[in-house]
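Let me begin by presenting the structure, written as structure tokens, before commenting on it.
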Amino acid sequence: MAKKPTATHQESKSGAQTTKRSVRGRLEDGSANPIDVHVGARTRLRRTLLGMSQEKLGEAIGLTFQQVQKYERGANRIGASRLFDLSRVLDVPVSFFFDDMGEDAQSSSPAAVIKGEAVTTAASPGDERDPMAKRETLELVRAYYSITDESVRRKAYELAKTLGGSDKT
């Protein structure tokens, strides 16, 4: 009995199995696609800026917090209908999830993976070298915008710039 090809292999017209390439968008080494990682990182960024827990986000879209965690890491892909739900709950346009995507991630689309053209060295947006990926940054931004007095908020901004050595306006 002939073995049915799996979804993770391509097959030539003759039926012979060719180079192992994912048709589900993962990279050849099995790691998450950089686009999925980027979309997940943007989901986490917006959720954190809103002060929303993974549990609350999950409840709002009918998922467990574990599933939200997988989405945010890029371990699971977010489908179009789920992305639409996320955009509504997080109050952002769908395009928000793709903003600021690097060219390496863009060149790792599932079509590029299938064709063997994907860049496999793309750095994750969740990389700790990215200050916007750090919880501390997100909490600082949220705290800053929770200052209701505009003059106090402006003074806090000026203080942070001075302390950071970039007090030139």
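Quick notes
- Within the stretch 66-84, restricting attention to residues that are under 15 Å from residue 96 (Cβ atoms) and aliphatic (A, V, I, L, M), the residue that is most open to solvent (accessible area, probe 1.4 Å) is 80.
- Residue in the stretch 50-59 that is on the phi < 0 side of the Ramachandran plot, open to solvent by less than 20 Å² (accessible area, probe 1.4 Å) and modelled with pLDDT under 85 present: no
The values are calculated or read from the model by the stated rules, or taken from the named source; none is laboratory data. Remember, predicted model here, so these are calculated numbers, not experimental data. Here Cβ is always computed from backbone atoms with ideal geometry, including for glycine, and neighbour counts include all displayed protein chains. Only protein heavy atoms, including side chains, enter the accessible area calculation; ligands, DNA and RNA are left aside. Shrake-Rupley method; radii C 1.70, N 1.55, O 1.52, S 1.80 Å.
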